[in-house]
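Please treat every number below as a calculation from the coordinates, not as lab data. What you are looking at is a predicted structure, and each value in this text was computed from that prediction instead of being measured. Cβ placement follows ideal geometry from the backbone for every residue including glycine, while neighbour counts extend to all protein chains displayed.
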């Protein structure tokens, strides 16, 4: 068994902490602890001069004001992040974090805000075509290529469940050579945008998604997939039957159809 | 004249012939179809206090009206929970004659944060109390900065009101810049401050607001303690120390530090506005689900249910802190619902500091509600042992199992808004066989 210490960097935990996304860190911590896998959770905040190196980088959602501040900080470290991305480090980006890693963001006044350009997406603020935020329970059926690449344990579920709450409308940029795919098909809810019924994006070892809820606790197959990818292993020790995880996953699924 | 008599008749009709309480509909009709009649209705209101903020509105409002009653003031107030514009208008309709003349000149109204700026079109408060701004129902408002903006707009569009603010909440404190009238702040003493974690401001936009020149009158909550009397009645005791006037040995028969803050708002508001210096809270009854006690006589024993509304991280953290002072908790019941009135998004449970639950001394943990398994998972990941048979998707089944259990007497319930309603309703159903009464 790989006994290297896994480093998880929760980026900007003080600013982007709005929708329970801390639960993702709690879930990673719990499932690593139960398997006696050594790990350390660190933070990089706005006042830090550099982004601390890690195996898993996590960014949650936050208020617009906070996101702008975070973004300025992130842009200063664009090269470092690109390098880590190319080295195959794992990134989990939620909502605002997901948008920041795209090519650009078009705000309500039509201004273009350049993104980190690691994911080939563009995000538009609400306008006359889409007027209201995408809010509600969301159920996503994972795509086959995502399941294969991330080695998702389908015996738990082929779905992921969560809660979305975003104004930004995200689209893939076509006519571009960078490979990018949605993480799945939206069965209930909105996903990336009002129209396409696709949710999230993944490329290399990076996952961007709109799912709060938070995403990881109720979707332990995804949590374990992230751990496996970060440790570069294909199997993880089974420590429980995940009954409560499954009940929560299933209860949330049922509520999507209520 | 015609309109008010019709609206009053509608209220009467609904209350007489349906099971509804008509706390909103008459006001809604007035607001929608006869808004031009509203100025006439409110014209005789001379003093209006508005209470807003995410937590503690209802209790603060109730405490203010309690003090006023004790000092023989006549006032109009909205029914607890009915805190949208229509709820306030309904309370005015209930208090006027058929010509639209009100029977009191004082209005004490709690208003939901988002509706405050709408209300000030009609009612201009002379005093605004802002209890706090916590993250609450973000699926409705999006962000806490928005909540701040809504309250700010309300204050700016009032007639330069006196402000009574939570002096420990950085966002709320900024509101003092939007009046040139007197500002009062309630603050916790140094050693208490750590017990409540208010939301931080992490960016400069809000802080840049220019510092106002008006003097702030500060009052400190000191020497706080929670005491239990022989019959298990609880009270919080504290002193409220100001620079010109102080209030000593205040005793409020409620749980928790929040209650001391709410009582302080009420004391300062009634002192500043009506020069009231004497009050006695000893017979104060907590508002719905705010530490409310319900006693159920079963064939086996007497069970006491104490219900604490916990609708956001701040409320839940506070209630857990409060329960850590309590001995003899037989069962801790946690209920999480995700109905619209609770907020559909339950991710806030991951923002709660559940490590506090390790300090709560309970014998058994029971979890229920539409999102029972999310909550069970949250607690499992906090390191608690969760037994699957103590998790109930159905609140009714949960209550039945509690009633059947001979060995339990003291039951503490932390629940979201609709869960509290549901749990109380289910409790009431057992009144046919058993008795429910409230502790005097």
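Remarks
- Across peptide A:16-27, the average count of Cβ atoms from other chains found within 10 Å of a residue's Cβ is 5.
- Taking every DSSP bridge with both residues inside chain A, close to 55 percent are antiparallel.
- The DSSP beta bridges internal to the protein assembly as shown are antiparallel in roughly 45% of cases.
- Computed per residue of chain A from DSSP H runs no shorter than four, each worth -39500 (n - 2.57), the mean residue ellipticity at 222 nm is -8500 deg cm²/dmol.
- Ranked by the mean number of other Cβ atoms within 10 Å of their residues, highest first, the peptides B:321-330, A:104-113 come out as B:321-330, A:104-113.
- Largest mean-square fluctuation among B:34, B:228, B:20, in a Gaussian network model of chain B whose springs join Cα atoms under 10 Å apart, belongs to B:20.
- Centroid-to-centroid separation of the stretch A:89-118 and the stretch A:123-185 [C-alpha atoms, Å]: 14
- Bridge type composition, the stretch B:27-139 - antiparallel percent by DSSP, nearest 5: 10
- Taking every residue in B:336-346 and counting other chain Cβ atoms within 10 Å of its Cβ, the average works out to 3.
- Protection proxy ranking of B:126-132, B:40-46, B:396-402, by the mean of other Cβ atoms within 10 Å over each peptide's residues and highest first, is B:126-132, B:396-402, B:40-46.
- Computed [θ] at 222 nm, deg cm²/dmol, chain B (DSSP H ≥ 4; -39,500 (n - 2.57); rounded to nearest 500): -9500 deg cm²/dmol
- Between helix B:85-94 and chain B: long-axis angle, C-alpha atoms, 0 to 90°, nearest 10: 80
- Binning the C-alpha pair distances of the stretch A:88-174 at 10 Å intervals from 0 yields a P(r) profile of 15, 38, 35, 11, 1 %, listed from the shortest bin outward.
- Over the protein assembly as shown: Rg over Rh, Cα atoms, Kirkwood Rh: 0.98
- Anisotropy class of chain A from Cα gyration tensor, a/c 1.5 cut: oblate
- Fluctuation leader among A:219, A:86, A:204 - chain A, Gaussian network, Cα springs under 10 angstrom: A:86
- Mean per-residue shielding of peptide A:115-124 is 0, counting Cβ atoms of other chains within 10 Å of each Cβ.
- Global form of the stretch A:1-100, assessed from the alpha-carbon gyration tensor, a/c cut-off 1.5: oblate
- The modelled label-to-label distance for the pair residue B:277/residue B:143, using points 7 Å beyond Cα in the direction of Cβ, is 4.7 nm.
- For chain B, the longest principal axis of the C-alpha atoms and the axis of helix B:144-156 are separated by about 30°.
- For the stretch A:46-65 and the stretch B:358-431, distance of Cα centres in Å: 37
- All-pairs Cα distance distribution in the stretch A:158-231, expressed in whole percent, bin size 10 Å: 18, 51, 27, 4
- Candidates B:79, B:190, B:364: whichever shows maximal mean-square fluctuation once chain B is modelled as a Gaussian network with Cα springs under 10 Å: B:190
- By average C-beta atoms within 10 angstrom, highest first, the peptides B:5-17, B:65-77, B:166-178: B:166-178, B:65-77, B:5-17
- Order of A:157, A:132, B:82 - criterion: other Cβ atoms within 10 Å of each residue's Cβ, fewest first: A:132, B:82, A:157
- Once divided by 2.2 N^0.38 Å, the Cα radius of gyration of the stretch B:1-94 becomes 1.13.
- Of the residues A:140, B:234, the one with the fewest other Cβ atoms within 10 Å heads the list, and the complete ranking is B:234, A:140.
- Three-way shape label, the stretch B:258-326, alpha-carbon gyration tensor, a/c 1.5: oblate
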